[in-house]
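Q: I am attaching a structure below and will ask some questions about it afterwards.
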Amino acid sequence: MTILGYPITELFLYFILYSFLGWLMETCYCSIMEKRLVDRGFLYGPICPIYGAGVLLMILFFTPLKACLPLFYVVAVVVMSAWEYFVAWLLETTTHVKYWDYSNFRFNIKGRICLWVALVWGVLSYLVIFWIHPPVAALYQIIPSWLVYTLSGVLLAILLVDAVLTIRHLALVSKLVVSLTTAGEELQLQPSLG
């Protein structure tokens, strides 16, 4: 099975690799900024799926634009910012937790995206498509097919277990947040006895 000419196992392994690299980048950046170890990510494991899915978008849709750098950059900024906004909205809606907030930066939209990060997405897209992904794709080509299938199966199983555990935990936390909010509202509605 393929998607736009790429075998699904290839795309899945890219997803896992770039999710890990995104987690590493986020963890290092946030740890440096806060001067302490900050484990970034939505799942228990060391991956940030927003980066893995984002790089898949780059590979599938930005690669054909390599010949026209200005168009490549503009499309990357718009698409990746829309992706980041959508993921922020989805996480906030489903978990009642805001995982990042750009409200302190100028030119932001509901704190979910902002101009400087959008411009960085364009630069990161360029680095990924022109410099990082070509050697990764070349490395993938020399991995024996039995190892590709084995890695894909094992990593998919680990990812599914991690996702189930994370979703279960988030559902419990979300339920607790709603209960506390309701309790707080009920306390505010009760007249004081004084």
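Q: Mind running the shape call on region 45-138? Use the C-alpha gyration tensor, a ≥ b ≥ c as the square roots of the eigenvalues: rounded below 1.5 for a/c, prolate if a/b tops b/c, oblate otherwise.
A: Numbers: a/c = 2.45, a/b = 1.52, b/c = 1.61.
It is oblate, given that a/c is not under 1.5 and a/b is not larger than b/c.
Q: What relative contact order, as a whole-number percentage, does region 28-140 give when Cα pairs under 8 Å and 6 or more residues apart are counted? Walk me through the intermediate numbers first.
A: Values: 87 pairs, mean separation 23.9, N = 113.
Relative contact order, region 28-140: 21 percent.
Q: Sorted by mean Cβ packing within 10 Å, highest first, what order do the peptides 47-60, 6-19, 93-106 take?
A: On the way: 47-60: 21.6, 6-19: 19.1, 93-106: 13.1.
Ranked by mean Cβ neighbours within 10 Å, highest first: 47-60, 6-19, 93-106.
Q: Compute the angle between helix 145-189 and the longest alpha-carbon principal axis of the chain, please, reported from 0 to 90 degrees and rounded to the nearest 10.
A: Around 20 degrees separate the two axes.
Q: Would you mind counting up the charge near LEU115? Only other residues with Cβ under 14 Å from its Cβ, with Lys and Arg at +1 and Asp and Glu at -1. Working shown, then result.
A: Working: positive: ARG106, LYS110, ARG112; negative: GLU84.
In short, +2.
Q: If you fit an axis through the alpha-carbon atoms of helix 8-34 and take the longest principal axis of the Cα set of the chain, what angle between them do you get, 0 to 90°, nearest 10?
A: It works out to around 50 degrees.
Q: If you take Cα extents along the principal axes in Å from the coordinates, which of (1) 59, 33, 32; (2) 43, 37, 30; (3) 77, 40, 35 do you get?
A: Matching entry in (1) 59, 33, 32; (2) 43, 37, 30; (3) 77, 40, 35: (3).
Q: Still on this structure, I have one more. Tally up the carbon and sulfur contribution to the accessible surface of the chain as a whole percent, 1.4 Å probe, everything protein left in place.
A: Numbers: 9080 of 12250 Å².
C and S atoms contribute 74 percent here.
Q: Mean residue ellipticity at 222 nm from the helices of the chain, using -39,500 (n - 2.57) per DSSP H segment of n ≥ 4 over the full residue count, to the nearest 500 deg cm²/dmol? Don't skip to the answer; put the middle values down first.
A: Numbers: 6 runs with 131 residues, N = 194.
The per-residue figure over the chain is -23500 deg cm²/dmol.
The values are calculated or read from the model by the stated rules, or taken from the named source; none is laboratory data. These numbers come from a predicted model, not from an experiment. Virtual Cβ from ideal backbone geometry, glycine too; neighbours counted across all protein chains shown. The area values use the complete protein model at the heavy-atom level, side chains included, leaving out ligands, DNA and RNA. Shrake-Rupley method; radii C 1.70, N 1.55, O 1.52, S 1.80 Å.
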